[in-house]
Amino acid sequence: MAAPKPEEISHPPMDQLQGLEYCIDSNPSWGEAVALGFQHYILSLGTAVMIPSFLVPVMGGNNEDKAKVVQTLLFVQGINTLLQTLFGTRLPTVIGGSYAYMVPIISIIHDSSLASIEDKQVRFLSTMRAVQGALIVASSVQIILGYSQLWAIFSRFFSPLGMVPVIALVGFGLFNRGFPVVGRCVEIGIPMLILFVGLSQYLKHFQLKKLPILERFALLMSIIVIWAYAHLLTASGAYKHSPELTQDNCRTDRSNLISGASWIRIPYPLQWGAPSFSADHAFGMMAAVLVSLIESTGAYKAAARLASATPPPAHVLSRGIGWQGIGILFSGLFGTLSGSSVSVENVGLLGSTRVGSRRVVQISAGFMIFFSILGKFGALFASIPFTIFAAAYCVFFGLVGSIGLSFLQFTNMNSMRNLFITGVAMYLGLSIPEYFMEYSAKALHGPSHTKAGWFNDFINTIFSSSPAVALIVAVLLDNTLEFKDSARDRGMPWWAKFRTFKGDSRNEEFYTLPFNLNRFFPPS
């Protein structure tokens, strides 16, 4: 048997991901774009509902308060998504809530000065105002790092090799949001996972009027079918004698959002009252802002690849971080109980549908704003059991993680140096946060437990994030370990042309500001 030719066993590196139907600046028909935008909106509901559903009751709030927070979060999410796609990185990314803010927010909730308030409604409002104040102050971190171009300068230390663990763990690091949640209600989660994979992958070539309808709308179809199935189980009394945890994860009538939501309500700044400010709370929240900055950096690079765009230049990345800081400021002013970050699941949906169109995500932002104002209708969609979303996350988070691994094609993985850095950064990025999570679950506080609450929040937040740990380890090792003689192995010759706006002619096509604004804000 003849030996295989080199071209038969190797694949040349590609700047842009191939096989996408629509890239960042190409658009499907308006009808298809609207349907795809609605699909992005439905997917974004998972995190937008889960965060308030967990935090509001602990703060002393009722179902009406929870519905208002969900509406507010979706409203601000829509505004921030529009701003980011128009004036930020211009990548097709949904800017939503983030679990990165949970540690400092829970710390604020348990602050003795707030936890001691006996009246539940007063405690809820006081805690909300404290969280708002912390977010408003902490937003200055991303605003300063972004608009001053400091993050762009720091990104000069990034290489394809150093970014592999960061981008990969933006997806893989969320493993506890996937199947562990599916396992809480397997009779809904498993069918959802199987149906979604079947429609989106095995039946993706089925076409209706030359449109691969099953591939494009697999998520929407799967959610409708499994949601109806879950409602049938609920109505038939299948969970009547089940444990409370099972009912919370399986039943379709447990969110209590429809009864608590008003028909029409427009969220507005300072709707919960004047924010209160505390240095301890603000410093703790700054750690979450730094974590969301790191996670969003990885997610932006993944979104660029899934939108068939070139990697965002340092100037564009920093501009996006600046606008994300504005988004966190809005979150504080409106009172969303979470700061802003890139929605990783929506980045994964770009790859699943093979549609990376910016217009589709902008339309989804319109749906977020529209249904947040029409509260009852939005609450209907928000009552989808979270287990259904968790099943979809198993696919989307995995897809985003694999995009991080795809950057290895630009590096030399026959180098022991590169194998060491990649392996150690990936392993510690998973292992250290898992230690912090397990410790917190057992001791009811993080490993850092000093008298300085702000210091505890800072350490526990940073090291509970897989991408943050991966960035610290990978960038440190990559820039200190034999870095002078390993530029080619690290992928720097390929990376260099994308570090400046004018380094590649395609950057202008993908990242130029609209309305001829580049005349007033020229790329640095």
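Brief remarks follow.
- Using a Förster distance of 30 Å, the FRET efficiency for Q18-L203 (Cβ separation, nearest 0.05): 0.85
- Farthest positive-ward along segment 74-230 dipole, Cα basis, beta-carbon charges - from T81, P212, A134: P212
- The three principal axes of the C-alpha atoms in segment 252-372 carry coordinate ranges of 44, 40, 24 Å, sorted with the longest axis first.
- Phi angles of segment 275-286 translate, via the Karplus equation with coefficients 6.51, -1.76, 1.60 and θ = phi - 60°, into HN-Hα couplings of x, 10, 10, 9, 4, 4, 4, 5, 5, x, 5, 4 Hz per residue; Gly and Pro are given as x.
- Exposed loop sites are taken as trypsin sites (Lys or Arg not before Pro) in a DSSP loop (any state but H, G, I, E or B) with at most 12 other beta carbon atoms within 10 Å; the longest stretch of the chain without one runs 241-450.
- Accessible carbon and sulfur surface of segment 409-453 relative to its total accessible area, %, 1.4 Å: 65 percent
- The modelled label-to-label distance for the pair Y268/K442, using points 7 Å beyond Cα in the direction of Cβ, is 5.1 nm.
- Unpaired cysteine residues in the chain (no second Cys Cβ under 4.7 Å): C23, C394.
- In order along segment 101-107, the phi-based Karplus estimate (6.51 cos²θ - 1.76 cosθ + 1.60, θ = phi - 60°) of 3J(HN,Hα) comes to 8, 5, 4, x, 5, 5, 4 Hz; Gly and Pro are listed as x.
- Close amide H partners of S340, meaning residues 5 or more places away or on another chain with modelled amide H under 5 Å apart, are I328.
- Largest to smallest in accessible area, the residues D478, D485, D248 fall in the order D485, D248, D478 (1.4 Å probe, all protein chains included).
- Entry comment: accessible area of the chain is 41 Å² per residue, from protein heavy atoms only and a probe of 1.4 Å.
- Segment 457-524 - charge dipole about Cα centre, Lys and Arg +1 at Cβ, Asp and Glu -1, debye rounded to 20: 300 debye
- In plain terms, the bigger the Kirkwood radius, the slower the diffusion; for segment 405-524, with that radius from Cα pairs, at 4 °C and 1.567 mPa s, Stokes-Einstein puts D at 73 µm²/s.
- With Cα atoms defining each centre, segment 98-139 and segment 341-412 are spaced 28 Å apart in the structure.
- D_trans [Stokes-Einstein, Kirkwood Rh over alpha-carbon pairs] for segment 430-478, 4 °C, 1.567 mPa s, µm² s⁻¹: 115 µm²/s
- Shape category assigned to segment 13-144 from the gyration tensor of Cα positions, a/c cut at 1.5: prolate
- Placing a label point 7 Å from the Cα of Y147 along the Cα-to-Cβ direction, the residues of segment 304-342 with a backbone N closer than 18 Å are 315-334, 340.
- Spin-label pair E244-R156: with each label point 7 Å from Cα along the Cα-Cβ axis, the two points sit 5.7 nm from one another.
- Using a simple spin-label model with pseudo-atoms 7 Å out from Cα toward Cβ, H11 and I194 lie 2.9 nm apart.
- Option label - Rg/Rh (Cα atoms, Kirkwood Rh) computed here, alternatives [x] 0.94; [y] 1.00; [z] 0.96: [z]
- Ranked from largest to smallest solvent-accessible area, with a 1.4 Å probe on the protein heavy atoms, L405, L219, L199 come out as L405, L199, L219.
- Karplus-derived 3J(HN,Hα) values for segment 39-55, using 6.51 cos²θ - 1.76 cosθ + 1.60 with θ = phi - 60°, are 5, 4, 4, 4, 5, 5, 5, x, 5, 5, 8, 5, 4, x, 5, 7, 7 Hz; glycine and proline are entered as x.
- Surrounding net charge for K451, when Lys and Arg each add one and Asp and Glu each subtract one, Cβ distance under 15 Å: -3
- For the pair E509 and D111 in one chain, pulling the backbone fully straight at 0.36 nm per residue adds 138.3 nm over the alpha carbon distance.
- With all pairs of different C-alpha atoms in the average, the Kirkwood value for the hydrodynamic radius of segment 109-193 is 17.6 Å.
- Relative contact order of the chain, pairs being alpha-carbon contacts under 8 Å that are 6 or more residues apart, as %: 32 percent
- Net charge of Cβ neighbours under 15 Å - reference G366; Lys, Arg +1; Asp, Glu -1: +2
- The distance linking segment 484-500 with segment 180-200 is 41 Å (Cα centroid to Cα centroid, whole angstrom).
- Positive minus negative residues near G429 (Lys, Arg vs Asp, Glu; Cβ under 15 Å): -3
- Solvent-accessible surface of protein heavy atoms, probed at 1.4 angstrom with all chains present, puts S276, S352 in the order S276, S352, largest first.
The values are calculated or read from the model by the stated rules, or taken from the named source; none is laboratory data. The model shown is predicted, which means the values in this text are computed figures rather than measured ones. All Cβ positions, even for glycine, are placed from backbone atoms using ideal geometry, and neighbour counts span all protein chains on display. We work out accessible area using only protein heavy atoms, side chains counted, and drop any ligands, DNA or RNA first. Shrake-Rupley method; radii C 1.70, N 1.55, O 1.52, S 1.80 Å.
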